[in-house]
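Every number here is computed from the coordinates shown, using simple stated rules; none is lab data. Computed from a predicted structure; not experimentally measured. Here the Cβ is made from the backbone with ideal geometry for all residues, glycine too, and neighbour counts use every protein chain on show.
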Amino acid sequence: MIALGLSLIFGVMKVINFAHGEMMVWGMYVAYTILVWTGIDPFFSFLVSAVILFILGYLLQRTVVNRILDFPEAMQVLPLVGMAMVFENSARIIWGPDYISPQSRFALSSLSVGPLTIDTPRLMAFSLSVIITILVLIFLKKTDMGKSIRAAADNRLGAFLVGTNVNRVYAVCFGIGTACVGTAGGLLVPLMPLSPYIGAPFTLISFIIVILGGMGSLAGAMVGGFIIGVAESIGPELITNIFHGVGLDLDFPHTMKQVVSFFILIVIMLLRPQGLFGGKRG
Amino acid sequence: MKKKMNRRAFLKYSAAVGATTAISGFPAVLRAQPPEIKIASLQPVTGVISDIGISMRRGNQMAVDDINAKGGIKSMGGAKLKLLLADTEAKEEVARSEAERVIKEGAACLVGPFLSGNAMTIATLCEQRGVPFVMDVAAADDITRKGFKNTFRVFPFTTKFAESMIFYMTQIMKEKNISKIKGVVTNTGDLFGRVQGATFVKTLKEKNFPIEVLAHIEYPLGIQDLSAEVSKIKAVKPDVLFPVARPGDAKLMLRELYKQRVELQGIISPGSPGWYEPEFIRDMKALADYVMDNVPWVNPIGKMYKDVNARFSKLFPGKYIDTNSGYAYLGVLVVADALERAKSTKADDIIGALKKTYLSQDLMVGLAVTFNERGDNINADTAMIQIQEGQIKVVMPSKAAEAKYIHPMPKQLWDRGM
């Protein structure tokens, strides 16, 4: 979901949202606040996170991003890195610096299927992510706004010439991207402790996923996310087993599991620079 | 009738006011003010462990305020301490640049910085600049084994942690009639985590202690998913988990152990944060019970502890003096004591005084603070604490114990009605 939002924003505006992880943390805090105040589980309140993050994203696009669209790429980075710091530190001021693990209804539940243990909140988050991704795809394919977004992504000037309000379309698109990350934040509350500073690694990992899947490809973001998730989980053990299999007494440390992701990224960049699902650009 | 103020009148009045104030002695009071002594607090106030960093800065600041309230540094005419605040962001490069900044701003001594990696960088810089550095918390052995002349550590070092852990485990195994324990050691991948985990495993081997380490698992600091690591723990079926953690991953670990139904007789940390903070107990509720941690804890019967803790808890509701805020407070006391005896803010004088430190205290377990030739506090010690019904209790050593330890855990994590 996080990579989906990043990919959508990049695909349409060619801007990388470096505040993405920090906005996800805001999504987490919104769901957490609702849980504490009303007792509503994050698996329901993620919708509120999505709405609030949509509004934040919409406003951010109109006030900051829209002004930097024509800047050179290197110059687009700074305002969004600055926004990331604003989101991070304002979260610290509002909710404090402590790691918080709220007790939600599903946080500790798991299912046993034979020898397998399935983490219920992870399963629910995964299922909801798939459903929401499909809904976003349907929205982009079937609705007028979706078609306008695709038109503006394809040819900004052309869309403008046929009367599309490109600024509004961009703002809605940015809002949908940040709503996706807000949704992800809500769904992550039962899975991990939240603190204002956990956002940056998510921006990095979703960036890798987006490049792997193909910049701007939504299906690519899903598949890329799946590949990276599995690779980081089982990669170190698999490599250790390979080491042992060839007679080397070496363990591949779990601290280096991101090496697996970056290795996959380098291989993909060498063999298929446009990413798994990225189309060739003329 | 209004009288217009002209240049002559203005000069006349100014001279009169000047003379009056000079005679009255008001400026003399200002002149008699002793100079302010700047010391710096370098803590990770933002970044991955900002919760601990803030707690430590509060400890540093409270000690400075207490010293000033009691009349400052009396041997220097009651000079007040001024705490320069610096944020290391838990990053080595920032720790160095912030240390550089506070030295330029005139800090006579630096205090901090919780993270061993940060401490190493600051200690190196202080050695180059000839500025004294008092580590309130930072445990990695190596820092004081580099031959630094300006660095002093109030906190116990990792070998001390491992030795205390062996001492407490010996007592548990003897009293519970356990001949052998199969364990898994986990640690974060930062300098402290790596050194703490490795030193514990090395000490077990060196002493041929009957704890068999089935697996030693390391994971990155700030990790967000421990499912793969906990699967590995479950696969080797240990009796006891020996985790070296940080606040975020401690909670993650406990939840994952619950979800994967990992059967354990105990969770006993060789010494790390994560298991005693108020947020850990608040969020984990019954899951936190029976966790043990070998930490340089507060002295529950100490007069100084009772006084400081009462005021700290009042000032910061929901918080209490723990390992980190306690040592942060003590670190500043050590600096103030050295300044008092040095009667000077010159680096050599302060370092000379620090070397001769003998500061009685009953804030933390252990005896008076005094440094060996390496700069380590030889009297720093740890206590074994355990969470029992949501309360932290010192369970060992017996002279400071508030309760008897409970081992093995009477209920597995998933049997606690959560």
For residue A:216, what residues show an amide H to amide H distance below 5 Å, using hydrogens built from the backbone and excluding near sequence neighbours? A:11
Over its alpha-carbon atoms, the stretch B:322-418 yields an Rg and a Dmax in Å of 18.9, 61
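Note the per residue figure in Å³ for the convex hull of the C-alpha positions in the stretch B:134-178.
On the way: hull volume 3.0 nm³, N = 45.
Dividing the Cα hull volume of the stretch B:134-178 by its residue count gives 66 Å³.
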For a test of the definition: using alpha carbon positions, the gyration tensor, and the 1.5 limit on a/c, classify the stretch B:60-172 as rounded, prolate or oblate. oblate
Sum of -39500 (n - 2.57) over DSSP H runs of 4+, divided by residues of chain A (222 nm, nearest 500): -23000 deg cm²/dmol
Inter-chain shielding of B:271-284 (mean C-beta neighbours from other protein chains, 10 Å cut-off): 2
For the stretch B:252-341, whose charge dipole is built from +1 on Lys and Arg Cβ atoms and -1 on Asp and Glu Cβ atoms, the candidate among B:328, B:262, B:308 with its Cα farthest towards the positive end is B:308
Per its Cα gyration tensor (rounded if a/c is under 1.5, else prolate when a/b beats b/c, else oblate), the protein assembly as shown is best filed as oblate
Determine the dipole magnitude for the stretch A:2-197: charges of +1 sit on the beta-carbon of Lys and Arg, -1 on that of Asp and Glu, nothing else is charged, the reference point is the Cα centre, and the result goes in debye to the nearest 20. 500
Mind pulling the angle between the C-alpha long axis of helix B:247-259 and the longest principal axis of chain B? Nearest 10 degrees, somewhere in 0 to 90. 20
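What does the C-alpha gyration tensor say about the overall shape of the stretch B:33-103? Classify as rounded when a/c is under 1.5, otherwise prolate if a/b is larger than b/c, or oblate. Before the final figure, lay out each step's value.
Details: a/c = 4.91, a/b = 1.88, b/c = 2.61.
Oblate is the answer for the stretch B:33-103, as a/c is 1.5 or above yet b/c matches or exceeds a/b.
For the stretch A:68-183, what is the per residue volume of the convex hull drawn over the alpha-carbon atoms, in cubic angstrom? Write down the numbers at each step before the final one.
On the way: hull volume 20.9 nm³, N = 116.
Per-residue hull volume (Cα only) is 180 Å³.
How much length is gained if the chain between residue A:271 and residue A:234 is pulled fully straight, taking 0.36 nm per residue apart and subtracting their Cα-Cα distance, in nm to one decimal?
Working: separation 37, 0.36 × 37 = 13.32 nm, distance 2.32 nm.
Roughly 11.0 nm would be gained on extension.
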Any chance you could get the radius of gyration and Dmax over the Cα atoms of the stretch A:9-135, in Å? 17.5, 56
Can you tell me the equivalent ellipsoid semi-axes for the stretch A:127-228? Use √(5λ) from the Cα gyration tensor, largest first, whole Å. 28, 15, 14
Once each part is reduced to its C-alpha centroid, what is the distance from the stretch B:293-328 to the stretch B:154-175 in angstrom? 22
According to a simple spin-label model (label point 7 Å from Cα along Cα-to-Cβ), what is the distance in nm between residue A:112 and residue A:70? 6.5
Value at 222 nm in deg cm²/dmol, rounded to 500, when DSSP H runs of n ≥ 4 in chain B each add -39,500 (n - 2.57): -13500 deg cm²/dmol
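Of the listed peptides B:193-203, B:346-356, what is their order by residue-averaged count of other C-beta atoms within 10 Å, with the highest listed first? Walk me through the numbers on the way to the answer.
Values: B:193-203: 21.8, B:346-356: 17.3.
Put in order of decreasing packing, that is B:193-203, B:346-356.
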Apply the Kirkwood formula to chain B: the hydrodynamic radius equals the inverse of the mean of 1/r over all pairs of different alpha-carbon atoms; give it in Å with one decimal. 22.9
Long-range amide H partners of residue B:217 with built H, under 5 Å: B:185, B:186, B:187
Helix B:50-69 versus the longest principal axis of chain B: what is the Cα-based angle in degrees, 0 to 90, to the nearest 10? 40
Rounded to whole Hz and in sequence order, give me ³J(HN,Hα) for the stretch B:104-121 from the Karplus expression 6.51 cos²θ - 1.76 cosθ + 1.60, θ = phi - 60°, writing x for Gly and Pro. 5, 7, x, 5, 7, 7, 10, 10, x, x, 6, 8, 5, x, 5, 4, 4, 5
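How well do other chains shield peptide B:49-59, expressed as the mean number of their Cβ atoms within 10 Å of each residue Cβ? Provide the component values of the computation, followed by the final result.
On the way: counts 4, 8, 8, 3, 1, 4, 2, 0, 0, 0, 0.
For this peptide, the per-residue mean of nearby foreign Cβ atoms is 3.
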Restricted to the protein assembly as shown, the DSSP antiparallel beta bridge percent, nearest 5, is 35
Using alpha carbon centroids, what distance separates the stretch B:354-418 and the stretch A:212-227, in Å? 50
Inter-part gap, Cα centre of the stretch B:183-228 to Cα centre of the stretch B:234-251, in whole angstrom, is 9
Just the Cα atoms of the stretch B:86-240: what Rg and Dmax do they give in Å? 18.7, 59
Of A:97, A:64, A:194, farthest towards positive along the dipole that unit charges on Lys, Arg, Asp, Glu beta carbons give the stretch A:2-197: A:64
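Computed over the Cα atoms of the stretch B:238-362, what is the convex hull's projected area averaged over all directions, in nm²? Intermediate results must be reported in sequence, preceding the final value.
On the way: hull surface 40.3 nm².
Reported value for the Cα convex hull: 10.1 nm².
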Spelling out what I want: for every residue of the stretch A:8-22, take phi, set θ = phi - 60°, compute 6.51 cos²θ - 1.76 cosθ + 1.60 (Karplus), and round to whole Hz; glycine and proline get x. 4, 5, 5, x, 8, 9, 6, 10, 9, 7, 6, 9, 4, x, 5
Using Cα-only point scatterers and the Debye equation, what is log10 of I(q)/I(0) for chain A at each q in 0.11 Å⁻¹, rounded to two decimals? -0.67
Using the beta-carbon distance between residue A:130 and residue B:344 and R0 = 56 Å, what value does 1/(1 + (r/R0)^6) give for FRET efficiency, to the nearest 0.05? 0.20
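Where does each of A:98-106, B:207-215 land if you order them by average Cβ count within 10 Å, highest first? Let's see the in-between values first.
Values: A:98-106: 21.0, B:207-215: 15.1.
Ranking the peptides A:98-106, B:207-215 by packing returns A:98-106, B:207-215.
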Let me see the P(r) profile for the stretch A:74-122: every Cα-Cα distance counted, bins of 10 Å, each bin given as a percent of all pairs. 20, 23, 23, 21, 12, 1
In terms of the charge dipole of the protein assembly as shown, which places +1 on Lys and Arg and -1 on Asp and Glu at the beta carbon, the residue among A:244, A:169, B:287 farthest towards the positive end is A:169
Mind telling me which of B:406, B:387, B:122 comes out most flexible in a GNM of chain B, alpha-carbon contacts under 10 Å? B:406
What does the charge dipole of the stretch B:274-345 about its Cα centre add up to, to the nearest 20 debye, if the Cβ of each Lys and Arg holds +1 and the Cβ of each Asp and Glu holds -1? 360
Backbone HN-Hα couplings from phi across the stretch A:242-248 [Karplus 6.51/-1.76/1.60, Hz, Gly and Pro as x]: 5, 4, 5, x, 8, x, 8
So what's the angle, to the nearest 10 degrees on a 0 to 90 scale, between helix B:7-24 and the longest Cα principal axis of chain B? 60
Each residue of B:216-228 has, on average, a number of other protein chain C-beta atoms within 10 Å of its C-beta equal to 5
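With +1 assigned to the C-beta of every Lys and Arg and -1 to the C-beta of every Asp and Glu, and no other charges, what is the dipole magnitude of the stretch B:28-136 about the Cα centre in debye, to the nearest 20? Walk me through the intermediate numbers first.
On the way: 13 positive and 13 negative charges, 110 e Å.
In total the dipole reaches around 520 debye.
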